[in-house]
């Protein structure tokens, strides 16, 4: 596979506000000996060259299935205008040099995606550096959006942030067209998941609502899991 062609952007953006935001994505593989260098290159460049109105995030793909070989992703996330402006300019010499240096430490390119977020649930006033991600093949997207919002508005516990959105470009043959990211403050919360953040009647109500949500999806053609994993935020600019 060809190495990363990083025109600007990268994996599923983890927005920290409720405003609709857009992303583009490239995932890539880095050998262990080059991981520190990749972080340093990204930090050095985007600390001085942050695109206006765009958040830049570098992630390590910490847990993944055997077919998902990408070790890292970089995310550019912002409004449609901000991303459009970022893509609109001609790359300057410093950016070309950055790409050359970055590509020299990337062993293999991976999937690239583009799309936007549609809804955010939970307290978005803090960072959630440990994130579980889900790529889904959804038959009835309008029903998914409505039913998932009703569930998440009522049953997203404190200490967790949930974001969902669509994939508009870069779908694999598996047909993923939606994504969900669940963010947590630490590994303990991420490994335990939402049900370990609540107990008693709240947990009972969430489990009941989850069963009803799954039954709803089944009655509207279904929701199929294409891929899931866990990623760790290494840096954000």
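The values are calculated or read from the model by the stated rules, or taken from the named source; none is laboratory data. No experiment lies behind these values; they were computed from the predicted model shown. Here Cβ is always computed from backbone atoms with ideal geometry, including for glycine, and neighbour counts include all displayed protein chains.
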Assigned to a loop (DSSP other than H, G, I, E, B), under 24 Å from residue 57 (Cβ atoms) and either touching a residue at least 24 places away in the same chain (Cβ under 8 Å) or under 16 Å from the mean Cα position of the chain (by Cα) (or both) - does that describe any residue in the range 214-234?
no
Could you say whether any residue in the range 134-141 is in contact with a strand residue (DSSP E or B) (Cβ under 9 Å, 6 or more places away or on another chain), closer than 28 Å to residue 200 by Cβ and modelled with pLDDT of 95 or more?
yes
Which count do you get for residues in the range 52-81 that are part of a strand (DSSP E or B) and either out of contact with any strand residue (DSSP E or B) (no Cβ under 9 Å at 6 or more places or on another chain) or over 12 Å from residue 25 (Cα atoms) (or both)?
7
State which residue is surrounded by the fewest Cβ atoms within 10 Å (Cβ to Cβ) when the search covers only the range 16-51 and only residues that are at pLDDT 90 or above and in a strand (DSSP E or B).
29
I'm checking my understanding of the structure. Among residues of the range 193-213 that are in contact (Cβ under 8 Å) with a residue 40 or more places away in the chain and buried (at least 16 other Cβ atoms within 10 Å of the Cβ), which one is nearest to residue 72 (Cα to Cα)?
197
Pick from the range 4-15, criterion surrounded by 20 or more Cβ atoms within 10 Å (Cβ to Cβ) and farther than 15 Å from residue 234 by Cα, ranking: modelled with the lowest pLDDT:
9
